[in-house]
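Before any comments, here is the structure.
The values are calculated or read from the model by the stated rules, or taken from the named source; none is laboratory data. Given the structure is predicted, the values throughout are model-derived calculations rather than measurements. Reconstructed Cβ throughout: ideal geometry from the backbone, glycine too, with neighbour counts over all protein chains shown. Ligands, DNA and RNA are excluded from the accessible area calculation, which covers all protein heavy atoms including side chains. Shrake-Rupley method; radii C 1.70, N 1.55, O 1.52, S 1.80 Å.
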Amino acid sequence: MRLVFAGTPEAAVPTLRRLAGEHEVVAVVTRPDAPLGRKRVLTPSPVAAAAEELGLPVIRAARLDDEATARIAGLAPELGVIVAYGGLVREPLLSTPTAGWINLHFSILPRWRGAAPVQRALIAGDPELGASVFQLVPALDAGDVFAARTFPVPPDATADEALASLARDGAGLVSEVVASIAEGSAKAEAQQGEPTTAAKLDLSDGLLDWTRPAEEVFARYRGVTSEPGAHTLVAGVPVKVRELRRAAGADRLEPGALLLRKDGVLVGTATDPLLLTRVQPAGKAAMAAPDWFRGLRTDARAGA
């Protein structure tokens, strides 16, 4: 098929690569280059970099406005495929490809409609993750579903790690759906069940509450890593939690209490302690948690 592909982050790259090997991708739409790093160097999105490597034409657009719509319409695509582009597809662009647009979404719809499905699923402690390919419609993530697949949550995986795994598996799911659309055998079914919303995370979502049970704290850490990032206060100083683990066999500690161990720093919760192994205090580089702990007051606590 003649496809137009829209996506921006690394999670969209496996699908782009898969489709480029199977169909004619007439254009790749992605967000404009963004300033990254301390020097704020303008850097192409992961999708733009992959498209250029594959020799595919790239349309950089902050939003899918009249200009972008006209450029895409001029290419006469049969189908649009979108994976985490970061903007809305509205009419008339929605109806520009002959078969409309399909979307790869990283949840089993209608659960976790919205911008952060994997992160919200991990925070909520869902036992499974998933991917759905659905027909794009004006309402948010509400279209009929062509295919969906569930996957066990990788043990102790952060959101970054889980999303990378789903992106690889989701590429195959999209490939199957596009092939069925090309053959004329595709069937989509209306979503069933009560929708839940996966709102975009902000910095406040990353604050760890050590008065909660260990599994709940650890689930939040996993869901916000690496963006927007887990953090806590220690002796009034903000500290980014770069690496946190379960602490097998550790004795109970009061919530927020800190205890040095050879392999890290134990932090008390409402149940079992968790183990800090790497942290980043405000204004400093990331460091091993024991090195950080040795510079603290003896009465320092997490969460205060």
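Anything in segment 235-250 that is among the β-branched types (Val, Ile, Thr) and farther than 19 Å from Asp263 by Cβ? List them, or say none. Result: Val237, single match.
Scanning segment 42-58 for residues that are under 23 Å from the mean Cα position of the chain (by Cα) and farther than 21 Å from Ala167 by Cβ returns a single hit, Leu42.
Here the strands (runs of 3 or more DSSP E) wholly within segment 124-235 that include at least 2 residues being in contact with an Asp or Glu (Cβ under 9 Å, 6 or more places away or on another chain) and exposed (fewer than 15 other Cβ atoms within 10 Å of the Cβ) are 145-152.
When Val118 is tested against (1) assigned to a strand (DSSP E or B); (2) of a type in the set (Val, Ile, Thr); (3) within 23 Å of Phe218 (Cβ to Cβ), exactly one condition is not met: (1).
For beta carbons closer than 9 Å, sequence separation of 6+ or different chains, a first residue in segment 38-53 that is loosely packed, with under 13 Cβ neighbours inside 10 Å and a second that is assigned to a loop (DSSP other than H, G, I, E, B), the qualifying pairs are Leu42/Pro32; Leu42/Asp33.
Reported count of residues in segment 6-37, each being touching a helix residue (DSSP H, G or I) at 6+ places or on another chain (Cβ under 8 Å), surrounded by fewer than 17 Cβ atoms within 10 Å (Cβ to Cβ) and farther than 19 Å from Gly87 by Cβ, is 2. Against the list (1) touching a residue at least 24 places away in the same chain (Cβ under 8 Å); (2) aliphatic (A, V, I, L, M); (3) open to solvent by less than 50 Å² (accessible area, probe 1.4 Å), the condition Leu253 fails is (1).
Scan segment 69-86 and give yes if some residue there is surrounded by 20 or more Cβ atoms within 10 Å (Cβ to Cβ) and of a type in the set (S, T, N, Q), otherwise no.
Step one: list which residues in segment 69-86 are surrounded by 20 or more Cβ atoms within 10 Å (Cβ to Cβ), which gives 72, 77, 79-85.
If we keep only those that are of a type in the set (S, T, N, Q) as well, we get none.
Scanning segment 69-86, I find no residue that is surrounded by 20 or more Cβ atoms within 10 Å (Cβ to Cβ) and of a type in the set (S, T, N, Q), so the answer is no.
Here Val177 meets the list (1) within 21 Å of the chain's Cα centre (by Cα); (2) closer than 11 Å to Leu104 by Cα almost entirely, failing just condition (1). Taking segment 114-123 as the range and being in contact with a strand residue (DSSP E or B) (Cβ under 6 Å, 6 or more places away or on another chain) and surrounded by fewer than 21 Cβ atoms within 10 Å (Cβ to Cβ) as the test, only Gly114 passes. Check segment 131-140 and report whether any residue there is touching a helix residue (DSSP H, G or I) at 6+ places or on another chain (Cβ under 6 Å) and of a type outside the set (A, V, I, L, M, F, W, C). Checking segment 131-140: not a single residue is touching a helix residue (DSSP H, G or I) at 6+ places or on another chain (Cβ under 6 Å) and of a type outside the set (A, V, I, L, M, F, W, C).
Scanning segment 39-71 for residues that are under 22 Å from Ala11 (Cβ atoms), among the β-branched types (Val, Ile, Thr) and assigned to a helix (DSSP H, G or I) turns up just one, Val47. Taking each residue of segment 6-33 that is within 21 Å of Ala131 (Cα to Cα) and at pLDDT 95 or above and looking for partners that are among the hydroxyl-bearing types (Ser, Thr, Tyr) and assigned to a helix (DSSP H, G or I) with beta-carbon atoms closer than 9 Å, six or more apart or interchain, yields Gly7/Thr15; Thr15/Ser175; Arg18/Ser175; Leu19/Ser175; Glu22/Ser175. State whether one or more residues within segment 286-293 are touching a Ser or Thr at 6+ places or on another chain (Cβ under 7 Å), within 16 Å of Ala230 (Cβ to Cβ) and not in a strand (DSSP E or B). Within segment 286-293 (the criterion being touching a Ser or Thr at 6+ places or on another chain (Cβ under 7 Å), within 16 Å of Ala230 (Cβ to Cβ) and not in a strand (DSSP E or B)), the answer is yes, since at least one residue qualifies.
Taking first residues from segment 287-303 that are open to solvent by less than 30 Å² (accessible area, probe 1.4 Å) and partners that are assigned to a loop (DSSP other than H, G, I, E, B), the Cβ contacts under 7 Å between residues at least 6 apart in sequence or on separate chains come to Ala300/Ala235; Ala302/Trp210; Ala302/Gly256. For segment 10-38, the candidate set comprises residues that are of a type in the set (Gly, Ala, Ser) and part of a strand (DSSP E or B); within that set, the residue that is farthest from Ile181 (Cα to Cα) is Ala34. Checking every residue in segment 247-266 against the condition of being part of a loop (DSSP other than H, G, I, E, B), under 31 Å from the mean Cα position of the chain (by Cα), modelled with pLDDT under 95 and under 15 Å from Tyr221 (Cβ atoms) gives at least one match.
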